[in-house]
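Reading through the C-alpha cells given below for one structure.
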Amino acid sequence: MSKAFYSELRTKQQLGYIVQCSANEIDGVRGLSFLVQSKVAAPEAVEERIEAFLRLFRGTLLLLGEAEVQSYAASIAAQFTDVDGRLDQQAGRLWAECRDTTLSGGDTTLSGRGAAPRRSSA
C-alpha cells in the first residue's frame with residue numbers, strides 16, 4: 001500500500017515532497033498512518049485526496065486473488081513481528097515505554113532487550 005500511496009500522491013499528483021504510508025501500533029491498537037506534507041494543497045484538499053486514494057485502493061484490493069491477499073497479509077504481519085528491524089524503530093519503542101512508564105514482561109530490562117534501567121548511586 002505504501003508504494004501505491006507514494007506513487008499516486010507524490011509521483012502522479014505531485015501533491016507534496018513528503019508522502020508516506022505506514023503500519024503502526026499504538027497502545028495495542030494496530031492501524032495505518034498517512035503523512036503528506038504539501039505546499040500546493042490545503043490540509044482539507046490533502047485529506048480529500050488521501051480519502052480518494054483509499055477508495056481507489058479498496059477497489060484494487062477487491063480485485064486481488066487469494067494468493068496475493070495472503071502474500072500482503074504475511075508482509076504486514078512481518079512488520080509487527082520484526083519490532084526492532086531498524087534502530088529508529090527500537091528507539092521509538094523504547095521511548096514509548098519510557099513515556100508510558102511501563103516495563104514489558106515484568107523483568108528488570110526494558111522489553112527484555114538488555115537496556116537496564118538506571119539505578120541511583122546513593
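How much length is gained on full extension from SER22 to ALA91, taking 0.36 nm per residue of separation minus their Cα-Cα distance?
Using 0.36 nm per residue and subtracting the Cα-Cα distance, I get 23.1 nm.
Excluding GLN14 itself, what net charge comes from residues whose Cβ is under 13 Å from its Cβ, given Lys and Arg +1 and Asp and Glu -1? Let's see the in-between values first.
On the way: positive: ARG10, LYS12, LYS39, ARG49; negative: GLU8.
Net local charge, GLN14 excluded: +3.
For LEU15, what residues show an amide H to amide H distance below 5 Å, using hydrogens built from the backbone and excluding near sequence neighbours?
Correct list: ARG10.
Using a Förster distance of 41 angstrom, determine the FRET efficiency expected from the C-beta separation of ALA52 and CYS98, and round it to 0.05. All intermediate terms of the calculation are to be shown ahead of the outcome.
Details: r = 39 Å, r/R0 = 0.94.
Given R0 = 41 Å and the Cβ-Cβ separation, E is 0.60.
Let me see the P(r) profile for the stretch 1-104: every Cα-Cα distance counted, bins of 5 Å, each bin given as a percent of all pairs.
The distribution over the stretch 1-104 is 2, 10, 17, 19, 17, 15, 13, 6, 1, given as percents.
What translational diffusion coefficient, in µm²/s and rounded to a whole number, does the Stokes-Einstein relation yield for the stretch 31-90 at 37 °C and a viscosity of 0.692 mPa s, taking the hydrodynamic radius as the Kirkwood radius over Cα pairs? Spell out each step's value before the answer.
Details: Rh = 14.3 Å.
Estimated diffusion coefficient is 230 µm²/s.
Can you send over the carbon and sulfur percentage of the accessible area for the stretch 1-65, probe radius 1.4 Å, protein chains only?
Details: 2600 of 4810 Å².
Answer for the stretch 1-65: carbon and sulfur cover 54 percent of the accessible area.
Report the full-extension gain for the segment LEU32 to GLU68: residue separation times 0.36 nm, less the Cα-Cα distance, to one decimal in nm. Provide the component values of the computation, followed by the final result.
Working: separation 36, 0.36 × 36 = 12.96 nm, distance 1.96 nm.
Here the segment from LEU32 to GLU68 would lengthen by 11.0 nm.
The values are calculated or read from the model by the stated rules, or taken from the named source; none is laboratory data. The shown structure was predicted, so the numbers you read here are calculated from the model rather than taken from an experiment. Here the Cβ is made from the backbone with ideal geometry for all residues, glycine too, and neighbour counts use every protein chain on show. Side chains included, ligands, DNA and RNA excluded: accessible areas come from the protein's heavy atoms. Shrake-Rupley method; radii C 1.70, N 1.55, O 1.52, S 1.80 Å.
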